[in-house]
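Each remark here refers to the structure printed beneath this line.
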């Protein structure tokens, strides 16, 4: 630490002489300190850094995303990251902070708070005034080397910390410290290659250097802030910090804490929390907020028939092999009542869970932008059903689930008919209802999908893409069969599995538990939900098409989503 004092102090005295007239506004001091944070989980590291900035919660800030080279989609980052750590130096030349107490916002800011839930006005407020007030900042520089470890990495945290400390000693001493020489008892090199590659990148003129290793599941990020960031020598960079300082630490106060008692401040607080949690782009913020109303599945669980069905003969069935079980098909039409649909799922209904049905997830109410457009009934086309059974036989792609002589699935994509928009009409058709149908003679019956399309005028499609069930839900049918037939009582040999990061804190976030005997049909039907919500940026996707698929002997779903650009009149 003495070497830093001897290098920095002359520049501090020069700085004080240059800005002596501002000395009454802030306190000038010098902090030079080294920090090595232990390996923490992603959200633990986020909470720690948020506390440094007086921010509540665990949602990662832009600062954490920057130093660890994260994508910003924190739910995916948390699921992909095992732990984080960094080693580095922070040089704080001086600290600025507001001395006014209490803090009071201008009247025009208070008058800009909408008194009710209005996504257009709420998004305008956030874009204009932000979410927090900066009340303090540290000015200086930082030199950090960060490590991001993925779940695929098998290196113990204690061993990885030793490598990080050795790397930091080497980089921050300008190579005077010995390079990484940790070896095992048999003399073999123990250091991951990604650490050694940082030395080779030491001569590159970059503000930030990132080296990754898919083999070791590691990423090393070396970055500087303040001073001449293109200088790779730590001691030379240190001498430039006083000439080109930057803000390295902020202190924030939530703007909503200064709006107590203002009508509508609760709505603004809710909108800001959603914005900080999911981080949509500012240009999408209005429509993101439009879609942040409660969603529900149709039919609801209390509407599902649980008893025995009297008319069993009228219920069509599927059979995939000679000795395989029969799966009955629920052909009831399910509609959302013109409300936007965000997800679909196949579901096994009934007391024995042997009746295949299709469910939809939709918003509980229409967004304001769509309500205005649908209110003009003269410009809206009528709702229309269309299914894979409406296609010509040459356009029907039939795939067997198991045996070719038994039930098939029509895997043709069900989309709206472009002819519906002929005659000068504009707009987009979106999905607002579903139905399953079984046609053909037993045993070679064919399962078809039908969709209900609703016309939304004055809209255009900005982007569209297909979505499918999460990878974790698409298990091997062989393993699924073993899992449902046998029960093993053996001691776990590996480390506890990292649970996925979940947003839903309900007791049964995936719906009520299914009976044990129903699992025998899960090797034929993938019941995973294909849903997009606020965590799928920018958070206002709609279903416009879908198709049934077969994968490893299971019936599944592909869903086509779209982002709409709405008319400015809405």
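What follows draws every value from the coordinates through simple rules; no lab data is involved. Computed from a prediction, not measured in an experiment: that's the story for all the values here. Glycine gets a Cβ as well: all are built from the backbone with ideal geometry, and neighbour counts include every protein chain shown.
Structure summary
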item	result
Computed label-point distance, nm, for sites residue 111 and residue 321 using a 7 Å Cα→Cβ extension	7.5
Rg(Cα) / (2.2 N^0.38 Å) computed for the stretch 374-446, rounded to two decimals	1.45
Cα convex hull of the stretch 95-144, projected area averaged across orientations, nm²	5.7
Ranked 117, 74, criterion: other C-beta atoms within 10 Å, fewest first	117, 74
Most to least packed among 556-567, 236-247 [average Cβ atoms within 10 Å]	556-567, 236-247
Mean shadow area of the stretch 46-167, taken as a quarter of the surface of its Cα convex hull (nm²)	10.7
All-pairs alpha carbon distance profile, the stretch 405-476, 10 Å steps from 0, percent	15, 33, 31, 17, 5
Efficiency of FRET from Cβ geometry, residue 352 and residue 397, R₀ 41 Å, rounded to 0.05	0.85
Estimated distance in nm for a label pair at residue 441 and residue 535, the labels positioned 7 Å out from Cα along Cα-to-Cβ	5.0
Sequence of 372, 288, 125 once ranked by neighbouring C-beta atoms within 10 Å, starting from the fewest	372, 125, 288
